[in-house]
Amino acid sequence: MNTAPQELVRLLQDFTLEANHYVDAAGGQNDMHRTDLNALAVIMRHSAAGRVVTPGVLRAELRLSSPATTALIDRLHASGHVVRERLGTDRRQVQLHMTPKAHRDGSAMFMPLAIRMGQAMAAYSAEELELVRRFMTDMVDATLAAREEATHKSD
């Protein structure tokens with residue numbers, strides 16, 4: 001019986017758990033909640049793709065209520081990590097931007113992890129890393145598909 005797939009799933013679960021522990025530890029040292037860090041990651045990803053980030057985008061991606069989203073944005077604004085900017089002629093619509101402080105703090109929090117991961121990856125060839133990249137992309141896609149199934153079962 002081939003146990004490699006089960007072992008890989010277990011290792012992915014272990015990685016997820018340890019990554020969450022790291023985020024909790026790094027965020028805790030900077031008085032930031034995991035949700036705050038997840039919000040900054042969402043803003044960074046969308047901004048890098050040239051997409052507008054609104055409170056509605058955060059609410060949908062983080063699966064938060066409107067009041068929880070407002071509290072999140074208020075925390076990020078008060079900590080100097082996010083600024084609100086009114087969009088165009090519709091002054092009701094707000095766009096969110098990360099500040100230079102958010103980039104500095106994020107770098108400080110996640111640089112130790114990036115360095116350790118880079119050191120670990122240095123032991124692999126370009127071909128091996130490409131295979132792992134493909135594998136991880138497929139695992140992310142599978143996880144998204146499973147989440148969609150789980151979401152629609154509860155509808």
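Assorted remarks:
- Highest average packing first - 68-76, 1-9, Cβ atoms within 10 Å: 68-76, 1-9
- Protein heavy-atom accessible surface, 1.4 Å probe, per residue over the chain: 70 Å².
- Each Cα pair under 8 Å and six or more residues apart adds its sequence gap; the mean of these over the residue count of segment 25-155 is a relative contact order of 18 percent.
- Taking the 1.4 Å solvent-accessible surface of the chain as the whole, the part contributed by carbon and sulfur is 59%.
- Order by protection proxy (mean Cβ within 10 Å, highest first), peptides 33-45, 50-62, 125-137: 33-45, 50-62, 125-137
- Here the spin labels are modelled as points 7 Å beyond Cα on the Cα-Cβ line, and at Asp14 and Arg63 they lie 2.6 nm apart.
- Positive minus negative residues near Gln95 (Lys, Arg vs Asp, Glu; Cβ under 9 Å): +1
- For Gln29, net neighbour charge (Lys/Arg +1, Asp/Glu -1) across residues whose Cβ lies under 15 Å away: -2
- Gyration tensor (alpha-carbon) shape descriptor, the chain, a/c threshold 1.5: prolate
The values are calculated or read from the model by the stated rules, or taken from the named source; none is laboratory data. If you're wondering where the values come from, they're calculated on a predicted model, not measured in any experiment. Don't worry about glycine lacking a Cβ; one is built from the backbone with ideal geometry, like all the others, and counts go over all protein chains shown. Protein only, heavy atoms only, side chains kept; ligands, DNA and RNA dropped before computing areas. Shrake-Rupley method; radii C 1.70, N 1.55, O 1.52, S 1.80 Å.
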